[in-house]
1. For residue 19, are the conditions met, namely being surrounded by 15 or more Cβ atoms within 10 Å (Cβ to Cβ), touching a residue at least 12 places away in the same chain (Cβ under 8 Å), under 25 Å from residue 165 (Cβ atoms) and within 16 Å of the chain's Cα centre (by Cα)?
2. Kindly evaluate residue 188 against the criterion of being buried (at least 16 other Cβ atoms within 10 Å of the Cβ), touching a residue at least 60 places away in the same chain (Cβ under 8 Å) and touching a strand residue (DSSP E or B) at 6+ places or on another chain (Cβ under 7 Å).
3. Out of everything in segment 170-202 that is in contact with a helix residue (DSSP H, G or I) (Cβ under 6 Å, 6 or more places away or on another chain) and in a strand (DSSP E or B), what residue ends up being nearest to residue 95 (Cα to Cα)?
4. Just for helices (runs of 4 or more DSSP H) wholly inside segment 1-114: which have at least 2 residues that are at pLDDT 90 or above and in contact with a helix residue (DSSP H, G or I) (Cβ under 9 Å, 6 or more places away or on another chain)?
5. Here is a list of conditions, (1) assigned to a strand (DSSP E or B); (2) crowded, with 16+ Cβ neighbours inside 10 Å, and residue 125 meets all of them except one; can you say which number that is?
6. So which pairs qualify, if the first residue must be in segment 46-62 and on the phi > 0 side of the Ramachandran plot and surrounded by 10 or more Cβ atoms within 10 Å (Cβ to Cβ), the second must be at pLDDT below 95 and not in a loop (DSSP other than H, G, I, E, B), the Cβ gap must be under 9 Å, and the two must be at least 6 apart or on different chains?
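The values are calculated or read from the model by the stated rules, or taken from the named source; none is laboratory data. Small disclaimer: the values here were computed from a predicted structure and weren't measured. Cβ placement follows ideal geometry from the backbone for every residue including glycine, while neighbour counts extend to all protein chains displayed.
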């Protein structure tokens, strides 16, 4: 893929077409800069308070901590320790869920999301967000919260689309939506890396 489509958040039809054609698109302008700064401040507050916990891989009996596969620490945004910024973000995603249902006929019933902090040198190996035995996750969403991010800092989201891989730098204000069965990975970075990951579920 030579370029990732960037679609205005208000253009539900164009988002639906991009997801149908490419399986992924960059979403332009869904969240105001002050909202992004409030989310970043909330995440940093929670990290400093020790509220984020090392993320596991697998499900149920196979669930395990594997820092060689996944190195982030997370906290779900519906946790009562999260601030108003997290609740407002979830509400905004739920409004987008309605747009996706109108334009994609996806039957999405809920959205879940968590903060994620990746220490320097950590990443997330190539994987799919949709589980083999559970197809509830339909669309994945990532919003980045990293200020003054440079290309040499690393930490890109690498999406393995049908016609080739594309890397997306994790700069604050960048939001990406893709089909949950699309393989992707988080490349290691030389700096701590902050994001919100979300899933629209049926």
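1. Considered against the rule, which asks whether it is surrounded by 15 or more Cβ atoms within 10 Å (Cβ to Cβ), touching a residue at least 12 places away in the same chain (Cβ under 8 Å), under 25 Å from residue 165 (Cβ atoms) and within 16 Å of the chain's Cα centre (by Cα), residue 19 comes out as yes.
2. yes
3. Within segment 170-202, the match that is nearest to residue 95 (Cα to Cα) is 200.
4. In segment 1-114, the matching helices (runs of 4 or more DSSP H) lie at 33-48, 84-104.
5. In the conditions (1) assigned to a strand (DSSP E or B); (2) crowded, with 16+ Cβ neighbours inside 10 Å, residue 125 misses (2) alone.
6. So the pair list comes out as 58/64.
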